[in-house]
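Undergrad: The structure is given below, and queries will be raised subsequently.
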Amino acid sequence: MPTLDTLIAQLTLEEKASLCSGHDFWSTKAIERLAIPAMRLSDGPHGLRVPAGDDHLGLTHSKPATCFPTAAGLACSWNPALVEEMGRALGDEARAEGLHVVLGPGANIKRSPLCGRNFEYFSEDPLLSSRLAAAHIRGVQSRGVGASLKHFAANNQEHRRMSVNAVIDERSLREIYLASFESAVKEAQPWTVMCAYNRLNGELCAEHPYLLTDILRNEWGFEGFVVSDWGAVNERVAGLAAGLELEMPPGGEARDRQIVAAVREGALDEAILDRAVARLLAVTLRVRDNEDDSVGVDHEAHHQLARRVARESMVLLKNDNALLPLAANAEVALIGEFAKRPRYQGGGSSHVNATRVASLYEALDSRLGERLHYAQGFAIDRDDIDSALQQEAVAQAREAGVAVLCLGLPERIESEGYDREHLDLPPNQIALIEAVRSVQTNTLVVLASGAPIVMPWVEHADAILAGYLGGQACGEALADLLLGDVSPCGKLAETFPQRLADTPCYLNFPGEGDRVRYGEGIFVGYRYYDSAEVAPLFPFGHGLSYSRFDYTDLELSRDTFSGEDELTVRLSLTNSGGVEASEVVQLYVSDATRTIPVAEQTLRAFDKIALRPGATQHIAFTLRRRDFCFYDAAHGDWRLPSGTFEIRIGASSQDIRLVAPFEVAGDPVMLPPLDRNTLLGDLLVSDAAVAVLREQLADIADELPMIDPIMGREGDGGMMEAMSRYLPLRALVSFSSFTEAQLDQLLTALRAVR
Ligand code: BGC
């Protein structure tokens with residue numbers, strides 16, 4: 001087999017350019033004379049979408065494939081091992097189809113619950129999101145099939161998604177939006193990354209050298225190729241130079257010719273093209289080596305896996321008077337069209353033609369027989385109340401021992417391509433809850449949605465089970481939970497707000513025209529609710545169980561942490577309830593140094609533990625430098641502050657069970673960038689800088705009593721002192737006999753300090 005270099009040397013300029021775009025919507029080009037094969041790509045992320053018949057987009061008709069729960073639910077499993085197992089199943093299905101790359105997972109942060117595509121993303125928290133994305137990638141790629149981590153980056157809304165400019169400060173970008181991709185890239189090395197449609201700080205992500213080359217390649221060490229989101233390419237040559245290797249779908253021969261012309265005219269260095277081709281071919285050859293058409297798929301086994309995944313993904317939000325699990329002899333009124341027509345996936349490019357679908361009605365029917373009574377209650381496709389349907393539902397509810405209301409967001413409200421305008425359920429469903437509640441005190445709501453809704457009716461429901469978009473086995477999984485075969489163990493990967501106006505980016509979403517300013521900064525999701533003390537409806541990390549867990553014996557391996565250390569956090573978890581169940585133990589770090597504005601607490605580790613009743617498990621987490629750092633935008637690096645921190649162990653972000661403080665001996669303090677406008681007060685962080693100031697300002701000290709404290713004299717402790725802190729160096733010249741020449745000298749001396 002020729003090496004990549006010899007292969008590239010045999011390609012003509014035209015052939016090299018042609019490899020940088022696809023052959024058609026779903027495959028890359030082959031070059032037969034050199035035995036370079038084509039690659040076939042398909043959506044993702046939670047099932048394959050291989051076009052069938054003449055629907056070349058596969059939007060309306062695709063080959064049957066297992067439809068797993070979408071990422072929004074999957075994330076509530078907080079179980080990377082399970083996500084990896086699902087990834088392996090996807091990889092097997094892809095391989096059996098002769099596919100080489102499955103597009104996904106999506107690691108964009110859920111900035112607003114309104115985003116129409118949140119069902120395809122994991123979380124509002126970058127740690128949870130990137131760990132699950134990494135697991136998904138590892139699973140798929142373990143089968144010799146590439147994953148495509150998408151949409152890089154800051155694709156947090158559907159509104160004007162192909163043109164909007166996300167304006168994000170560097171710190172928030174690094175700590176939140178990029179962090180969600182960072183460890184997935186570093187740990188799992190996806191074979192491809194898909195760039196986003198939108199602009200980021202003025203430049204299209206498809207031609208963003210900072211994003212695609214400086215950060216993705218140079219900082220994170222990404223080794224695969226970057227593919228455009230479908231149709232994201234603007235200027236092909238600029239994209240290529242910025243680090244976008246593959247254009248999909250192909251923009252036609254004209255685009256390839258632009259690349260050739262740019263090389264011939266000297267506008268594009270041929271070495272850049274060669275590098276792009278090398279990256280593309282490296283994956284192409286790897287894919288070819290992994291081909292194996294003898295792989296078969298056990299669709300029944302995958303359906304059962306989808307059922308297990310769904311069970312772990314559903315979240316018991318509320319369970320007053322232990323309404324769930326249902327009593328063994330309960331007469332059940334199952335109400336709502338979703339019970340027979342489940343909403344189990346989202347709309348758009350990820351839409352899977354499921355191999356089969358199990359509704360809750362079918363699943364309960366086979367278990368409850370005559371104790372199950374169904375009423376449609378409302379029409380999914382309409383908002384208005386159908387009084388005949390409603391009355392029938394009320395009649396069933398009155399007769400039964402418990403009413404199970406299957407409610408949710410119809411696909412017309414939530415999909416790729418557009419955002420929601422509000423967080424409410426349709427009015428006919430809200431009216432139904434109230435009507436049923438008036439005749440039945442045991443009322444349970446089962447929700448199907450890809451994102452949070454508000455629940456002004458929350459008091460009318462004794463129990464609420466969020467099923468998310470649970471994939472093709474959602475009905476069976478729901479029945480397993482409702483009947484108590486297994487305990488719920490999902491925890492929210494996002495906050496459910498009380499009101500839309502409570503959401504962190506309420507005033508900055510979806511922006512004005514083509515500009516959306518991320519004005520909430522790092523305060524996304526629970527980082528905002530906790531810090532601003534805004535009570536959520538259900539907090540991040542929340543989820544109930546049929547069992548109970550005790551958290552004890554918190555121990556830190558050290559009292560003082562410095563940058564090179566590891567901090568080991570140990571605790572014990574006991575299942576003190578009556579049934580086998582799993583618990584997600586969450587570790588939050590609180591930075592009490594408040595060196596800069598920080599979130600009240602930040603998730604830094606988690607683990608999901610399955611325990612039999614009475615059993616105890618000892619758990620250990622290891623934390624490192626980055627877990628305590630903030631991104632210092634002024635110096636372009638991660639910085640460890642000094643002072644007191646706290647480890648908080650919780651069953652949710654707002655159910656903290658154990659707390660332990662410790663000290664951090666952080667990085668040496670750094671002087672701010674130095675120029676005439678540097679503030680005097682900002683220099684006080686350094687003793688050496690203070691010494692320089694004292695020496696150089698000695699002659700004017702008597703003229704400016706406001707600098708007394710800086711000069712080591714007693715200050716007034718009030719207004720004068722404050723004024724000196726906020727005094728730019730240049731003002732020394734305005735307010736005293738200090739000269740411009742002395743100012744230059746001072747700056748030179750200060751620069752020598754750093
Ligand atoms: C979506 C991608 C998807 C691609 C191919 C785009 O519109 O944003 O997520 O993978 O189409 O279907």
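The values are calculated or read from the model by the stated rules, or taken from the named source; none is laboratory data. Nothing here was measured: the structure is a model prediction, and the numbers come from that model. Neighbour counts run over all protein chains shown; Cβ positions are idealised from the backbone, glycine included. Protein only, heavy atoms only, side chains kept; ligands, DNA and RNA dropped before computing areas. Shrake-Rupley method; radii C 1.70, N 1.55, O 1.52, S 1.80 Å.
Undergrad: Full-extension gain between THR441 and ALA722, please, as 0.36 nm times their residue separation minus the C-alpha to C-alpha distance.
TA: Additional length available on full extension: 94.9 nm.
Undergrad: Using the Cα centre of segment 48-126 as the reference point, and only Cβ charges (+1 on K/R, -1 on D/E), how large is the resulting charge dipole? Debye, rounded to the nearest 20. Could the numbers behind the result be given before it?
TA: Working: 7 positive and 10 negative charges, 33 e Å.
The dipole magnitude comes to about 160 debye.
Undergrad: Cα centroids of segment 183-219 and segment 155-179: how far apart, whole angstrom?
TA: What the calculation gives is 12 Å, centre to centre.
Undergrad: Return the carbon/sulfur percentage of the accessible area of segment 517-586, one whole number, probe 1.4 Å, all protein chains in place.
TA: The computed percentage sits at 40.
Undergrad: Kindly list the residues of segment 612-645 that lie in the label zone of ARG754, defined by a backbone N under 20 Å from the point 7 Å along the Cα-to-C-beta vector.
TA: 630-642
Undergrad: Using a Förster distance of 41 angstrom, determine the FRET efficiency expected from the C-beta separation of GLU695 and ARG515, and round it to 0.05.
TA: Given R0 = 41 Å and the Cβ-Cβ separation, E is 0.25.
Undergrad: Now for a different question. Mind listing the phi-derived Karplus ³J(HN,Hα) values for segment 729-744, rounded to whole Hz, using 6.51, -1.76 and 1.60 with θ = phi - 60°, and x for any glycine or proline?
TA: Per-residue couplings from phi come out as 3, 4, 6, 4, 5, 5, 9, 8, 7, 4, 9, 4, 5, 5, 4, 4 Hz.
Undergrad: Under a Cβ-only charge scheme (Lys and Arg +1, Asp and Glu -1), can you give me the dipole magnitude of the chain about the Cα centre, in debye to the nearest 20?
TA: Rounded to the nearest 20 debye, it is 940 debye.
Undergrad: Using the Kirkwood radius built from alpha carbon pairs, what does the Stokes-Einstein equation give as D for segment 1-41 at 25 °C and 0.890 mPa s, in µm² per second?
TA: 229
Undergrad: Turning to a different aspect of this structure: Working from Cα positions, state the angle (0 to 90°, nearest 10) between the long axis of helix 687-696 and the longest principal axis of the chain.
TA: Its long axis makes an angle of about 30 degrees.
Undergrad: GLY231's amide H: which non-local residues (gap 5+, or another chain) put their own amide H closer than 5 Å, with H modeled 1.01 Å from N in plane and none for Pro or chain starts?
TA: Here the answer is MET248, since their amide H atoms fall under 5 Å of that of GLY231.
Undergrad: Follow-up question, since we're still on this one. Averaged per residue, what accessible area in Å² does segment 497-554 show with a 1.4 Å probe, protein chains only? Write out the running numbers ahead of the final one.
TA: Working: 2590 Å² over 58 residues.
About 45 Å² of surface per residue is accessible.
Undergrad: Provide, as a two-decimal number, the C-alpha radius of gyration of segment 320-398 over 2.2 N^0.38 Å, N being how many residues it has.
TA: Rg over 2.2 N^0.38 Å, computed on Cα atoms: 1.29.
Undergrad: Output the peptides 593-603, 101-111 sorted from most to least packed, where packing is the average of other Cβ atoms within 10 Å over each peptide's residues.
TA: 101-111, 593-603
Undergrad: For segment 121-166, count the residues as N, evaluate 2.2 N^0.38 Å, and divide the Cα radius of gyration by that value, please.
TA: 1.38
Undergrad: Tell me the mean residue ellipticity at 222 nm calculated for the chain from its helices only (DSSP H runs of n ≥ 4, each -39500 (n - 2.57), averaged over every residue, nearest 500).
TA: -8000 deg cm²/dmol
Undergrad: How do ASP607, ASP702 rank by accessible surface area computed with a 1.4 Å probe, from largest to smallest? Intermediate results must be reported in sequence, preceding the final value.
TA: Details: ASP607 60, ASP702 125 Å².
From most accessible down to least: ASP702, ASP607.
Undergrad: Between GLU187 and ALA261, what FRET efficiency comes out of the Förster formula 1/(1 + (r/R0)^6) with R0 = 56 Å and r the beta carbon distance, rounded to 0.05?
TA: With R0 = 56 Å, the Cβ-Cβ based efficiency is 0.90.
Undergrad: In addition: Using the basic label-point model (7 angstrom from Cα toward the beta carbon), what is the ASN321 to ALA379 distance in nanometres?
TA: 3.5
Undergrad: Could you tell me the distance between the Cα centroids of segment 511-530 and segment 34-107, to the nearest Å?
TA: First find each Cα centre; the distance between them is then 31 Å.
Undergrad: Could you give the length gained on full extension between THR6 and VAL685, defined as 0.36 nm per residue of separation minus the Cα-Cα distance, in nm?
TA: Value of the extension gain: 238.8 nm.
Undergrad: Can I ask one more? Dipole size in debye (nearest 20) for segment 606-711 around its Cα centre, Lys and Arg Cβ +1, Asp and Glu Cβ -1? Before the final figure, lay out the partial values.
TA: Working: 10 positive and 16 negative charges, 227 e Å.
Dipole magnitude for segment 606-711 comes out near 1100 debye.
Undergrad: Taking θ as phi - 60°, what are the ³J(HN,Hα) couplings along segment 249-261 by the Karplus curve (6.51, -1.76, 1.60), each to the nearest whole Hz, with x for Gly and Pro?
TA: These are the phi-based 3J(HN,Hα) values: x, x, x, x, 4, 4, 5, 4, 5, 4, 5, 4, 5 Hz.
Undergrad: Can you tally the net charge around SER590? Count Lys and Arg as +1, Asp and Glu as -1, for every other residue whose Cβ sits under 13 Å from the Cβ of SER590. Can you show the working numbers first?
TA: Details: positive: ARG527, ARG594, ARG604, ARG648; negative: ASP530, ASP591, GLU600, ASP627, GLU646.
In short, -1.
Undergrad: Between their Cα atoms, which of LYS29/LYS186; LYS318/LYS608; LYS63/LYS110; LYS318/LYS491; LYS16/LYS63; LYS186/LYS491 are more than 23 Å away from each other?
TA: LYS29/LYS186; LYS63/LYS110; LYS16/LYS63; LYS186/LYS491
Undergrad: Tell me the angle of helix 427-437 to the major Cα principal axis of the chain, expressed in degrees between 0 and 90 and rounded to the nearest ten.
TA: Approximately 60 degrees, to the nearest ten.
Undergrad: Enumerate the calculated ³J(HN,Hα) couplings along segment 72-81 in order (Karplus 6.51 cos²θ - 1.76 cosθ + 1.60, θ = phi - 60°), each rounded to whole Hz, writing x wherever the residue is Gly or Pro.
TA: The phi angles translate into 4, x, 3, 5, 6, 6, 6, 10, x, 5 Hz.
Undergrad: Measure off 7 Å from each Cα along the Cα-to-Cβ vector at LEU747 and ALA634, then give the distance between these two points in nanometres to one decimal.
TA: Those two pseudo-labels are separated by 1.6 nm.
Undergrad: I'd like the accessible area for MET719: 1.4 Å probe, protein heavy atoms, all chains in place, Å² to the nearest 10.
TA: Rounded to the nearest 10, the figure is 120 Å².
Undergrad: Something else about it: Can you grab the distance from the C-alpha centre of segment 336-373 to the C-alpha centre of segment 580-652, Å, no decimals?
TA: Here the two parts' Cα centres lie 38 Å apart.
Undergrad: Using a 1.4 angstrom probe and counting only protein chains, how large is the accessible area of HIS351 in Å², to 10?
TA: Roughly 60 Å² of HIS351 is accessible to a 1.4 Å probe.
Undergrad: Still on this model: In percent, what relative contact order does segment 74-217 have, based on Cα pairs under 8 Å that are 6 or more apart in sequence?
TA: On the way: 283 pairs, mean separation 38.9, N = 144.
Relative contact order of segment 74-217: 27 percent.
Undergrad: Starting from segment 495-550, pick out the GluC sites (Glu not before Pro) whose DSSP state is loop and whose Cβ has at most 13 other Cβ atoms within 10 Å.
TA: GLU533
Undergrad: Sequence gap at least 6, Cα distance under 8 Å: using those rules, report the relative contact order of the chain to the nearest whole percent.
TA: On the way: 1791 pairs, mean separation 95.2, N = 754.
Result for the chain is 13 percent.
Undergrad: When only DSSP loop residues count, what trypsin sites (Lys or Arg not before Pro) in segment 332-397 have their Cβ near at most 14 other Cβ atoms within 10 Å?
TA: Hits after loop and neighbour filter: ARG356, ARG382.
Undergrad: Let me ask something additional. Give me the base-10 log of I(q)/I(0) for the chain at each q in 0.06, 0.08, 0.10 Å⁻¹, Debye formula, one uniform scatterer per Cα, rounded to two decimals.
TA: The Debye formula, applied to the Cα set alone, gives -0.42, -0.72, -1.04.
Undergrad: Could you give the nm distance between label points at ALA328 and ASP702, where each point is 7 Å from its Cα heading toward the beta carbon?
TA: About 9.7 nm separates the two model spin labels.
Undergrad: Given the Cα-Cα distance of ARG713 and GLU300 and 0.36 nm per residue of separation, how much length would full extension add, in nm?
TA: 140.6 nm
Undergrad: Let me ask another. Taking a point 7 angstrom from the Cα of GLU533 along the C-beta vector, which residues in segment 594-618 have backbone N less than 17 Å away?
TA: Inside the label zone: 598-601.
Undergrad: While we're here: Using protein chains only and a probe of 1.4 angstrom, how many square angstrom of GLU291 are accessible, to the nearest 10?
TA: Here the accessible area works out near 110 Å².
Undergrad: Hey, if we sort LYS608, LYS63 by accessible area with the 1.4 Å probe, largest down, what's the order? Spell out each step's value before the answer.
TA: Details: LYS608 35, LYS63 80 Å².
Per-residue accessible area, sorted high to low, gives LYS63, LYS608.
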